[in-house]
Amino acid sequence: RAMISLGLVLLLFVAYQLWGTGYFEARSQNKLENQFEQSLKEQTTTTSTTIPGDTTPTTAPLIDAPITGSAIASLKIEKIGVSSIVVSGTDKGNLQKGPGHYQNTPLPGQFGNSAIAGHRTTYGSPFNRLDELDIGDKIVIKTLTDTFTYEVSKKPFIVKPENVSVIEPTKDPSDPTG
């Protein structure tokens, strides 16, 4: 009886990992999508400011720094069926909501390597099929300020978790200090 009970518990745990986590990720993605859409609407609000000594008012969009766990972008990779909201941060809790942006890397559209992490087997497994991407495939990221289309430039490859070389900053060729 004990072995059968243990077997059932293990089966339930595996079922939760494979399907239950996907349910919770889908609920989080729905909330994040609503949050992101609301942020997009608020982003269109502008404010007039006057610089001291300048009589010409300027209009600029209101932009807040991303809060950890908040929706910062929409990620679409048509070839492999990815359509997810990206959150700010890559800790365990954030990655359970969906793909997460490494906060120490530039935001999408800024110069450098903008790095996004995500699960391959649980929590909706948004990056489960990344290995199917080929050179030239498109990755579209919509932020609060713009839409950016990236093109895969080399075949995807797997790195060990401790290998952070793939998210190291890119050197700006126009910067004389390197």
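The values are calculated or read from the model by the stated rules, or taken from the named source; none is laboratory data. Treat the numbers as computed from the prediction; the structure is a model and nothing was measured. Here Cβ is always computed from backbone atoms with ideal geometry, including for glycine, and neighbour counts include all displayed protein chains.
How about segment 95-111: which of its residues are among the polar types (S, T, N, Q) and in contact with a His (Cβ under 9 Å, 6 or more places away or on another chain)?
GLN96
When only residues in segment 116-139 that are among the hydrophobic types (A, V, I, L, M, F, W, C) and in contact with a helix residue (DSSP H, G or I) (Cβ under 8 Å, 6 or more places away or on another chain) count, which is farthest from ILE85 (Cα to Cα)?
This residue is LEU133.
Which residue pairs have Cβ atoms closer than 6 Å, lie 6 or more positions apart in sequence or on different chains, and pair a first residue in segment 106-129 that is among the acidic types (Asp, Glu) with a second residue that is loosely packed, with under 15 Cβ neighbours inside 10 Å and in a loop (DSSP other than H, G, I, E, B)?
Hits for this filter: zero, empty list.
Hey, could you check segment 122-148 for residues that are farther than 10 Å from GLY109 by Cβ and among the aromatic types (Phe, Trp, Tyr) and say which is modelled with the highest pLDDT?
The selected residue is PHE127.
When you scan segment 26-117 for strands (runs of 3 or more DSSP E) that lie fully inside it, which ones turn up with 1 or more residues that are surrounded by 11 or more Cβ atoms within 10 Å (Cβ to Cβ) and modelled with pLDDT under 90?
Counting at least 1 such residues, we get 46-49, 58-61.
Within segment 71-90, count every residue that is free of Cβ contacts under 8 Å to residues at least 40 places away in the same chain and closer than 16 Å to GLU33 by Cβ.
3
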